[in-house]
Each structure stands twice: as structure tokens, then as C-alpha cells.
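The values are calculated or read from the model by the stated rules, or taken from the named source; none is laboratory data. This is a predicted model, so every value here is computed, not measured. Virtual Cβ from ideal backbone geometry, glycine too; neighbours counted across all protein chains shown.
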Amino acid sequence: MKKNIIVLVSAMNMGGAQRVVSILCNHWSSNGHNVTLISTYTDEQINHFHLDKNINLKYLDNSPYLSKNNIFNIFCKLIFLRRLIKSHNPDLVISFLTRVNVATALSSIGIKSPIIICERSWPPFLSLSNGLFWFYRALFKRVSKIIVQTDKSKSWLNTNFSGLKVEVIPNPIIYPLPANSISPVDPNTVISQYKKIILASGRMHKFKQFDMLIKSFSMIKDDHPDWNLIILGDGEGRDELNSIILELGLSNRVYLPGNVGNMSHWYKRADLFVLSSILEGFPNVLLEAMAYGVPSISFDCNTGPRDMIQNEINGILVNPDEKEVGLANAINRMIKNKQLRKKIAINSLATRDKYSVSSIMKKWDKIFYQ
């Protein structure tokens, strides 16, 4: 039976949640359902991921009479959102990311459509005030389900938000990755094709700890002159990273090409992938790298990497307490041990099937048709 589905997200910019949203929307649209995708962030109307032409795109408006951050403008946007949801008479409403989840739950009070909210951060609702958890517990009582990516997130919610129905559905992986709307960057225009690449990717934010990764690389660079570090992405921490690169004299060994639309080319070119984050939900970049058979190293943060990596089998997990030294030792070991890299690369390929769209969408469809 054809269903009327609304999916909400802040904006369809670069990000793991946005990629998942595009996969879900395209899957349901291609299966004949009516899909409306609502972006709540007014200023961003660029879609970085391919969306089926039959998907109905909507963008939430600000009040024309009030400033964006005015409390009354926020209230007006909630009213606009409520009207938009009601006008589509949905059979199901699905929202992604914490603030959008709160806005969706508030806007849909009294609306009978089932609501599913998807939490991607660790711990869940990280950006919400602990002092208002009593309010959010009451607010989320009316949602049909909360979707998280790991068993640890589910356990956390069962402890801190008891009484809610929580399901675990990890991110799917598209293999091979499609190109998106951002201009592609040929790896060979950044670095010689004869050089080895240690690849990292993500928003340049303190939680990603790219500064620590650069310092780790500086510890072992002299022993491996053919290896270079490339960090893809952009963000508020870019200037600081450039300063560290200059300070350590790494301008000809560490490169920051920015955002690229051809990640598949970079994974194919990479000889090693490193995730240096101290905090992750379920990192798509690590999953993608493994699907492309790139030997991967990651800090063993609370959630995410340990759900994908079996230590020493299909990747290397590093104790976060070991910081730069632990990361440098793991990189050094991987570079020196070609057989280890080969074994890990081969074993990583199993992620293609385990996290394939068809496999993960079966979990979504099971909830979808309940």
C-alpha cells in the first residue's frame, strides 16, 4: 500500500545523517511511496546528495517580520512546521538530528501520525540541557520510536529515558559511492601518484581531533618519507590546523584539499585511513573506507568504531587515553607491516554486505510497515 511519508532534517549539506536521509527517501520513493523531505534550516537550500525527482522538497520559512534568532521567530517556525505537516496528512513522520527531533515532537502535538525520531550523537540528546531532561522525557513519550545506531545508545536511552521504544538500526553504505554536487578533486592534482596516502575526512571540529592526528603523523614522518597525510573536509578549525602544519614544518607532507564530491576516488587512492575522533555516533567515513578495503585505524571511542571494527581482524582500535603516541604507534605499525594491511583490507570488505542498503533497509521497512 502506498504511504505518505514526511522526512525532516536540518539541511541536506555534507554529513552522515544527510546521506542516510537521501538513501531512505530515494528507497521509499522508488518503491512508489509519496515522500516529502522538509529542511528546517532556512538558509541552506543546496542538496549535496542525489534525490529522486519524485521527492517533494520543502524548506521551512522564517517569519518575514522577525530576526532569525528571535524567540518569536522560532515559535513562528514551529507553527509553520505544524501547518506543513498537517497539510500533507502523513502516514509517518521521521525526523533526524536532535534539534529537529525536538521541533518535530513539539510541532506534531495533537497530530495522530506516528512519529519516529532518529538520534545520531553520543550520548543521545548531547546538545540538550540536562536540566530540562524532565521536559524532553515528557515530550518524547508520544513518539512511536527512537532509532539509534548502536546498542550502547539504546542502553543509555533505556536508562535515562525509560519507557521509550528504542530500535537499533546502523547506517547503510552505498557501494560504490555516487558523486554528489560538489566539484570533484582529482587526488593526483593534490599529491603525486607515486606517494602513499594516509587519509582522514570529516568536519574540522575539535571532536575530530585532526590536530592530534597531524601531531601523530609528525612523530613518524621521517621514518616514512613516501607517506603523506591528507585530511578532507572543512570547518571552523581549518585555520588552526593550517597553523599547526606550518609550525611543525609539514606543508609538503600534510594537505587539506577541502570538501570533495568524489570520495570514492579518494578511498581507492588511499593506502591507510585514520579516524582520530574522541566522540562519534556511527561514523560513515570509517564505514565507507572499510567498504573500499582501505586498512583502517580508529580511536576506540564510546560508540561507533567498535561496532564496525574487530580489533586486529578488520581494523585497529587505539585506546583514546594513549592520544598522539598511541595513534602514531598504530600508524607506524600499519605502514611497516604490509601483510597486516593486506589482511585487514580483505577482511574489511565484508562491511559491503553487512551494511548494504538492501540489508539495512529491511530493518527500516520492518518498522515502516508495523
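With the requirement that a residue be small (Gly, Ala, Ser), at pLDDT 90 or above and not in a loop (DSSP other than H, G, I, E, B), what does segment 1-35 give you?
The first filter runs over segment 1-35 and keeps only residues small (Gly, Ala, Ser), leaving 10-11, 15-17, 22, 29-30, 32.
Keeping just the survivors that are at pLDDT 90 or above gives 10, 22, 29-30, 32.
Result: Ser22, Ser29, Ser30.
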Subset of segment 285-320 (residues that are surrounded by 24 or more Cβ atoms within 10 Å (Cβ to Cβ) and among the polar types (S, T, N, Q)): Ser296, Ser298
From Glu280, Glu288, residue being assigned to a loop (DSSP other than H, G, I, E, B), out of contact with any Pro (no Cβ under 6 Å at 6 or more places or on another chain) and touching a residue at least 60 places away in the same chain (Cβ under 8 Å): Glu280
Qualifying residue in segment 247-266 (condition: farther than 20 Å from Ile197 by Cα and either crowded, with 17+ Cβ neighbours inside 10 Å or more than 16 Å from the chain's Cα centre (by Cα) (or both)): yes
Qualifying residue in segment 36-43 (condition: at pLDDT 85 or above, part of a loop (DSSP other than H, G, I, E, B) and surrounded by 18 or more Cβ atoms within 10 Å (Cβ to Cβ)): yes
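Could you say which residue among Ser192, Ser155, Ser243 is of a type outside the set (A, V, I, L, M, F, W, C) and either in contact with a strand residue (DSSP E or B) (Cβ under 6 Å, 6 or more places away or on another chain) or outside the structural domain of Asp271 (by TED's automatic domain parsing) (or both)? Break it down stepwise before answering.
Values: Ser192 fails: either in contact with a strand residue (DSSP E or B) (Cβ under 6 Å, 6 or more places away or on another chain) or outside the structural domain of Asp271 (by TED's automatic domain parsing) (or both); Ser243 fails: either in contact with a strand residue (DSSP E or B) (Cβ under 6 Å, 6 or more places away or on another chain) or outside the structural domain of Asp271 (by TED's automatic domain parsing) (or both).
Going through Ser192, Ser155, Ser243 in turn, the sole match is Ser155.
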Leu126 vs. criteria surrounded by 12 or more Cβ atoms within 10 Å (Cβ to Cβ), under 30 Å from Val254 (Cβ atoms) and in the same structural domain as Arg83 (by TED's automatic domain parsing): yes
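Which of the following residues is more than 19 Å from the chain's Cα centre (by Cα), farther than 21 Å from Ile6 by Cα and polar (S, T, N, Q): Ser113, Ser155, Ser108?
Values: Ser113 fails: farther than 21 Å from Ile6 by Cα; Ser108 fails: farther than 21 Å from Ile6 by Cα.
Just one listed residue meets the conditions, Ser155.
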Yes/no for Leu128 being part of a helix (DSSP H, G or I) and modelled with pLDDT under 95: no
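Would you confirm whether any residue within segment 321-342 is among the polar types (S, T, N, Q), surrounded by 15 or more Cβ atoms within 10 Å (Cβ to Cβ) and within 27 Å of Ile174 (Cα to Cα)? Walk me through it before giving the result.
Kept after step one, since they are among the polar types (S, T, N, Q), are these residues of segment 321-342: 329, 332, 337, 339.
If we keep only those that are surrounded by 15 or more Cβ atoms within 10 Å (Cβ to Cβ) too, we end up with 329, 332.
Now narrow it down to the ones that are within 27 Å of Ile174 (Cα to Cα): none.
Within segment 321-342 (the criterion being among the polar types (S, T, N, Q), surrounded by 15 or more Cβ atoms within 10 Å (Cβ to Cβ) and within 27 Å of Ile174 (Cα to Cα)), the answer is no, since none of the residues qualifies.
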All positions within segment 243-276 that are in a loop (DSSP other than H, G, I, E, B), out of contact with any Leu (no Cβ under 9 Å at 6 or more places or on another chain), modelled with pLDDT of 95 or more and of a type outside the set (A, V, I, L, M): Gly249, Ser251, Asn252
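Being of a type in the set (A, V, I, L, M), under 23 Å from Asn302 (Cα atoms) and not assigned by TED's automatic domain parsing to the domain that holds Met361 is true for just one of Leu213, Leu232. Which residue is that?
Only one candidate passes the filter, namely Leu213.
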